[in-house]
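The values are calculated or read from the model by the stated rules, or taken from the named source; none is laboratory data. Note that the coordinates shown come from a computational prediction; the quantities given were computed from them, not determined experimentally. Glycine gets a Cβ as well: all are built from the backbone with ideal geometry, and neighbour counts include every protein chain shown. Calculation scope for accessible area: heavy atoms of the full protein, side chains included, ligands and nucleic acids excluded. Shrake-Rupley method; radii C 1.70, N 1.55, O 1.52, S 1.80 Å.
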Amino acid sequence: MRLRTLVLATGLAAVLSALAQQPPAKKAAPAKKSAAAAPAAGDQSGLNKTHLEAYLRHLYLWPPQVKVEIGDFKPSPVPGLLETTIQATYGQLADTMLYYVSKDGKYIVNGRMHDAADSPFRDELSKITTSLQPSFGASGAPVALVVYSDFQCPYCRGEAKELRDNVTKTYPTQVRVYFKDMPLSIHDWARPAAIAGRCIFRQNPQLFWDYHDWAFEKQSEINAANFREKLAEFAKGKELDALQLNQCVEKKDTEAEVDKSVAEAQSLRVNSTPTLFVNGRRLGNTPWANLKQIIDAEIDYQKTAANADKECCSVTLPSLVPGATP
């Protein structure tokens, strides 16, 4: 859960409840005020990190136990505005926000700047790679659904089944699903499973999806000790070179591919699985009924945008003479 969401949605109840369980801190002697602790008269207060932190703590009701880090101010895409990143952390909760500040320090703007002529998710799309990745669904589909997943994650298992059961049936020509590895460190056989999946994809791309479905179906039976044995059972009778597969898994030939996928996920600030991106729109674990609504909205938007583009650039003025060409 995002820290800002927690604070605003619950009125700090969860945070304050957790703080209440902690022993009271000893009161420290009051520190002498430093000349730099508060902005001097005429100072660009918005560009003063101390002032900005105090303003945000007041805005979001962050108690002192919430750690706030403010990045350096740097030029933004919009003339006259500087940008900075705010990182707020409390225990396992964290939130990262992008703020824009006018150069005179007078105005502070929270949010993302969007180019109305481009996708609002351009930043995300620029980081996601889909070439040479396991995928199913219509080639060239207008909706790309990218899933960062972990074979040992029970929530990923449920999401994967819903996607496999519904996407092709519901959207035979409109959606293509891409699978990306995001094995979590808390899972002891997720990384070997991701490496094995990539080894299978190298040999026979179509069989990757058999492996994908099998790994999630057998999730409760697999553990770190028996994974290689279970993998051999899966490969038996399949169009796979078993020796080549074993060598690939043993030598971790595809680990660099898994690491690249994980690094990509981290660049997108993905910290839980499954995380989905629908044409760049980030989603968490989403029931099919809700996901279908989002996909439908994306398809409708693309139709609307395409029609708007056609209508925007063709203007015909009425003629005073019937049949005359303006």
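Segment 256-298: D in µm²/s via Stokes-Einstein (Kirkwood Rh, Cα pairs, 4 °C, 1.567 mPa s)? Can you show the working numbers first?
Details: Rh = 11.5 Å.
Stokes-Einstein gives a translational diffusion coefficient of 113 µm²/s.
Expressed as a whole percentage, what fraction of the accessible surface of segment 259-305 belongs to carbon and sulfur atoms when a 1.4 Å probe is rolled over the protein heavy atoms?
On the way: 1190 of 2390 Å².
Taking all protein chains in place, segment 259-305 shows 50 percent carbon and sulfur surface.
Could you work out how far the C-alpha centroid of segment 179-219 sits from that of segment 104-120, in angstrom?
40
Could you check how much of the accessible area of segment 33-175 is carbon and sulfur, as a whole percent, using a 1.4 Å probe? Present the calculation step by step, with values, prior to reporting the outcome.
Working: 4440 of 8090 Å².
Ligands and nucleic acids excluded, carbon and sulfur give 55 percent.
Using 16 Å as the cut-off for backbone N distance, which residues of segment 132-173 belong to the label zone defined by a point 7 Å from the Cα of LEU125 along Cα→Cβ?
Within reach of a label on LEU125, which here means backbone N under 16 Å from a point 7 Å along Cα→Cβ, segment 132-173 contributes 140-146.
Which of the peptides 53-65, 184-196 is most tightly packed, and how do the rest follow, going by the mean number of other Cβ atoms within 10 Å of each residue?
On the way: 53-65: 14.5, 184-196: 19.5.
Most protected by this proxy first, the peptides run 184-196, 53-65.
If I take all pairs of Cα atoms in segment 149-287, what percentage of them are more than 19 Å from each other?
Numbers: 4853 of 9591 pairs.
Summing the P(r) tail past 19 Å for segment 149-287 gives 51 percent.
At q = 0.18, 0.24 Å⁻¹, what base-10 log of I(q)/I(0) does the Debye formula yield for segment 65-154 when every alpha carbon is treated as an equal point scatterer in vacuo?
Log10 of I(q)/I(0), two decimals: -0.99, -1.21.
Would you give the gap between the C-alpha center of segment 53-91 and the C-alpha center of segment 129-174, rounded to a whole Å?
Each part's Cα centre sits 36 Å from the other's.
Using amide H atoms built 1.01 Å from N in the peptide plane, name the residues 5+ places from LYS218, or on other chains, whose amide H lies under 5 Å from its own.
The answer is none.
Using a Förster distance of 45 angstrom, determine the FRET efficiency expected from the C-beta separation of GLN203 and ARG269, and round it to 0.05. If you can, show how the numbers build up before the last one.
Working: r = 33 Å, r/R0 = 0.73.
The pair GLN203/ARG269 has a calculated efficiency of 0.85.
Multiply the residue separation of ASP259 and SER185 by 0.36 nm, subtract the distance between their alpha-carbon atoms, and state the gained length in nm to one decimal. Provide the component values of the computation, followed by the final result.
Values: separation 74, 0.36 × 74 = 26.64 nm, distance 1.23 nm.
Result: 25.4 nm gained on full extension.
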